1. So which residues in the stretch 233-266 are among the β-branched types (Val, Ile, Thr) and free of Cβ contacts under 8 Å to residues at least 40 places away in the same chain?
2. Of all residues in the stretch 201-230, count the ones that are at pLDDT 95 or above and buried (at least 23 other Cβ atoms within 10 Å of the Cβ).
3. Could you check how many residues of the stretch 164-187 are in contact with a strand residue (DSSP E or B) (Cβ under 8 Å, 6 or more places away or on another chain) and among the polar types (S, T, N, Q)?
4. Going by what's in this entry, would ARG377 be described as assigned to a helix (DSSP H, G or I), modelled with pLDDT of 95 or more, surrounded by 13 or more Cβ atoms within 10 Å (Cβ to Cβ) and of a type in the set (Lys, Arg)?
5. Could you check the stretch 1-108 for strands (runs of 3 or more DSSP E) lying wholly inside it with 1 or more residues that are within 30 Å of LYS374 (Cα to Cα)?
6. Scanning for something of a type in the set (Lys, Arg) and either crowded, with 22+ Cβ neighbours inside 10 Å or assigned to a loop (DSSP other than H, G, I, E, B) (or both), does the stretch 349-361 turn up at least one residue?
7. Quick check, is VAL350 in contact with a strand residue (DSSP E or B) (Cβ under 8 Å, 6 or more places away or on another chain) and touching a residue at least 60 places away in the same chain (Cβ under 8 Å)?
8. Yes or no: the stretch 80-99 includes at least one residue that is touching a strand residue (DSSP E or B) at 6+ places or on another chain (Cβ under 6 Å) and surrounded by fewer than 24 Cβ atoms within 10 Å (Cβ to Cβ).
Amino acid sequence: MAHTYEFFHVIQGYLDEAAAVVQLPDHVRAILAQPKNEVIVHFPVAMDDGSMRVFKGYRIQHNNLLGPFKGGIRYHETVSLDDLKALAAMMTWKSALMDIPFGGGKGGVKFDPRSHSTDEVMRITRRFTHALGNNIGPSYDIPAPDVGTNSQTMVWMMDTYMNTLSHADKNAQRAVVTGKTLTCGGSEGREKATAQGVLHCITEWARDQRFELEGKTAIIQGFGNVGGHAGVLLAKLGVSIVGVGDHTGYLHSGEGFNVHKLQEHVRRNGSIAGYEHGERIERADFFGLQADLFVPAALENQIGVDEARALKVRLIAEGANGPTHPDAERILAERNVDIIPDVLANSGGVTVSYYEWVQNRNSEKWDLEVVDDKLERRMKRTYGQVRFFAEERRVSPRIAAYCLALERLGRAYAERGIFP
């Protein structure tokens with residue numbers, strides 16, 4: 001599927017469809033169809049064996065009408081310009097949908113971090129940050145973790161950026177990235193924020209459908225930060241995780257996995273490979289498992305036509321960005337499988353990133369209960385807005401989410417006009 005899937009083209013299709021529904025002016029649609037800036041850098045890094053390797057990095061800045069560019073940094077061997085353009089655009093929609101004062105951006109370096117030592121990844125991160133220079137900043141463009149990066153990566157980025165400034169300005173720049181460790185300015189609740197947002201959407205869907213979650217089953221693709229935390233949070237509600245998978249393979253457990261032990265195994269080993277509990281199955285068998293819920297939390301384009309026909313679930317809550325091919329989505333709609341779209345479901349991450357940014361800017365430290373309460377209220381409010389729009393205008397939840405985001409951006413463009 002991957003070689004025929006044009007992620008940016010898919011996102012453009014959703015934009016066009018939603019723009020028609022809300023009658024977005026053509027000039028605004030044209031502005032939003034392309035990123036504002038595309039930064040590409042090449043930089044050398046010394047390897048552990050003394051050799052030198054040149055890496056290619058990107059920072060795509062899609063839109064900053066509502067606030068600073070905001071979006072993750074991805075370390076993966078498949079990183080490409082078009083995919084990052086799609087992901088940056090999605091960040092614009094998420095920020096506007098969640099009504100937070102951020103725009104959209106995305107960046108990354110094309111390499112496999114699993115094949116490098118910790119020291120090499122640190123040097124790659126620091127050289128990449130230095131190469132970006134003033135293309136990032138706490139009032140301009142604020143990176144965050146994504147696939148292949150984590151809180152430690154963000155701390156390295158922050159430290160590198162801070163050390164390029166005068167000593168008088170250093171501490172004011174802590175907000176240059178979000179998703180940091182708690183010790184270095186991160187927020188309580190940020191690590192689980194994306195999964196927490198997915199969970200709030202699932203519980204709201206279950207309430208609307210009068211669907212009792214306790215005693216139900218789920219499968220999760222990708223068991224990293226989002227998938228792992230989603231598994232733990234679902235288990236607390238009495239949902240049994242009967243299937244998991246990642247880049248190393250797939251596992252099935254009829255009685256359900258001990259998600260805490262599985263999460264700890266992944267933290268130690270970097271994947272589910274080698275986990276002793278559970279039956280190893282093929283990818284096709286994973287998508288054919290009988291379950292009530294499916295949380296795709298890996299990469300984009302994982303649910304194609306074959307997977308859509310094979311799935312035996314009531315709900316798909318998209319923890320990943322772009323996991324469902326449009327052709328597959330049409331099949332799922334015909335089969336009455338509900339989808340909570342990525343632009344809504346996984347927006348808890350950018351929302352708590354905003355809370356972290358606010359705390360850094362104001363030199364504050366909020367308790368976990370404060371962060372969790374703010375996130376829950378915002379996620380549930382936005383879920384209700386998307387559901388109401390979808391029902392009223394008879395569009396899919398995905399298009400409804402895009403429409404709400406475009407309405408807010410359209411109003412801002414109408415009020416501000418185009419300079420000069």
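The values are calculated or read from the model by the stated rules, or taken from the named source; none is laboratory data. Please read all numbers here as calculations on a predicted model, not as lab measurements. Neighbour counts run over all protein chains shown; Cβ positions are idealised from the backbone, glycine included.
1. Filtering the stretch 233-266 for residues among the β-branched types (Val, Ile, Thr) gives 239, 241-242, 244, 248, 259, 266.
ILE241, VAL244, THR248, VAL259 - these are the residues of the stretch 233-266 that are among the β-branched types (Val, Ile, Thr) and free of Cβ contacts under 8 Å to residues at least 40 places away in the same chain.
2. Filtering the stretch 201-230 down to residues at pLDDT 95 or above leaves 201-223, 226-230.
Next, from what is left, pick out any that are buried (at least 23 other Cβ atoms within 10 Å of the Cβ): 201-202, 218-223, 226-230.
Looking only at that region, the number is 13.
3. Taking the stretch 164-187 and keeping what is in contact with a strand residue (DSSP E or B) (Cβ under 8 Å, 6 or more places away or on another chain), we get 173, 175-179.
Those still in the list that are among the polar types (S, T, N, Q) too: 173, 178.
Of the residues in that region, 2 qualify.
4. Taking the combined requirement at face value, the residue does not satisfy it.
5. Details: elements: 37-46, 52-63, 69-76.
In the stretch 1-108, the matching strands (runs of 3 or more DSSP E) lie at 52-63, 69-76.
6. no
7. Yes; evaluated as a whole, the condition is true for this residue.
8. yes
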